1. Kindly list, by first and then second residue, each pair from a residue in the stretch 115-141 that is hydroxyl-bearing (S, T, Y) to a residue that is surrounded by fewer than 18 Cβ atoms within 10 Å (Cβ to Cβ), limited to pairs with Cβ atoms under 6 Å and residues at least 6 apart or on different chains.
2. How about the stretch 61-78: which of its residues are part of a helix (DSSP H, G or I) and either in contact with a Cys (Cβ under 6 Å, 6 or more places away or on another chain) or not basic (K, R) (or both)?
3. Only residues that are charged (D, E, K, R) and closer than 22 Å to N12 by Cα: list them for the stretch 118-140, please.
4. Tell me which of these S42 doesn't satisfy, since it passes every other one: (1) surrounded by fewer than 17 Cβ atoms within 10 Å (Cβ to Cβ); (2) polar (S, T, N, Q); (3) under 15 Å from T115 (Cβ atoms).
5. Residue by residue through the stretch 68-79, note down the ones that are crowded, with 16+ Cβ neighbours inside 10 Å, of a type in the set (S, T, Y) and at pLDDT below 95.
6. Can you find even one residue in the stretch 44-60 that is part of a helix (DSSP H, G or I), within 15 Å of K127 (Cα to Cα), at pLDDT 95 or above and of a type outside the set (K, R)?
7. Mind checking whether some residue in the stretch 120-141 is in contact with a Gly (Cβ under 7 Å, 6 or more places away or on another chain), at pLDDT 95 or above and among the aromatic types (F, W, Y)?
8. Find the residue count for the stretch 12-28, including only residues that are surrounded by fewer than 18 Cβ atoms within 10 Å (Cβ to Cβ) and not acidic (D, E).
Amino acid sequence: MINGSDLLELINYRQSDRAYLSTPIEKEKLERVLEAGRLAPSACNAQPWKFIVVDQPDLKNKIADCTSSKVLRMNHFTKQAPVHIIIVEEKANFTSSAGSLIKNKQFPLIDIGITAEHICLQAAAEKLGTCMIGWFDETKVKKLLNIPKSKRVPLIITIGYPEKETREKRRKDISDIISYNSY
């Protein structure tokens, strides 16, 4: 069991990497990363996700093309990552779906955020870099991967060995984001 300071150190180490080495990811490491995602908690244990691992280079590059924007000059690094994990939103179970309606919250999207961070933290523990991508052509991604039109793809996670060292975090001051007992 790790202690609290070890976990905080791992969280501090994890960053959004936008440059990767061409080194392949060992199967055992990738399996542990995926297992961390599988073990993530979810509302009413709905587990409303499916992971599609794209590691075939030609297909991975086509997915990367779906994430790039020439106009906004973003996400051109995605071809460097040897693996892309596509997260597909699956139908939640009855209790989670009912709770989403009653409480006016999208529990499956919250759950996907949790599982995505589990994936990224385990990757960081394996000394792998990740970047969560929300900007992509979802229709093209779904077509390339034979994902039914009725499904949603909220996130793609690039994963690989980072080319650059961990950089200093720029975050709001803790006093700006925390209060006790009142807003």
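1. T115/A40
2. If the condition is that a residue be part of a helix (DSSP H, G or I) and either in contact with a Cys (Cβ under 6 Å, 6 or more places away or on another chain) or not basic (K, R) (or both), then N61, I63, A64, D65, C66, T67, H76, F77, T78 are the ones that fit.
3. Passing the criteria: E126, K127.
4. (1)
5. Within the stretch 68-79, S68 is the sole residue that qualifies.
6. No, the conditions are met nowhere in the stretch 44-60.
7. So far as the stretch 120-141 goes, no, none of its residues is in contact with a Gly (Cβ under 7 Å, 6 or more places away or on another chain), at pLDDT 95 or above and among the aromatic types (F, W, Y).
8. Taking the stretch 12-28 and keeping what is surrounded by fewer than 18 Cβ atoms within 10 Å (Cβ to Cβ), we get 12-13, 16, 19, 21-24, 26-28.
Pick out the ones that are also not acidic (D, E) and you get 12-13, 16, 19, 21-24, 27.
The total comes to 9.
The values are calculated or read from the model by the stated rules, or taken from the named source; none is laboratory data. Model, not experiment: these values are computed from the prediction. Here the Cβ is made from the backbone with ideal geometry for all residues, glycine too, and neighbour counts use every protein chain on show.
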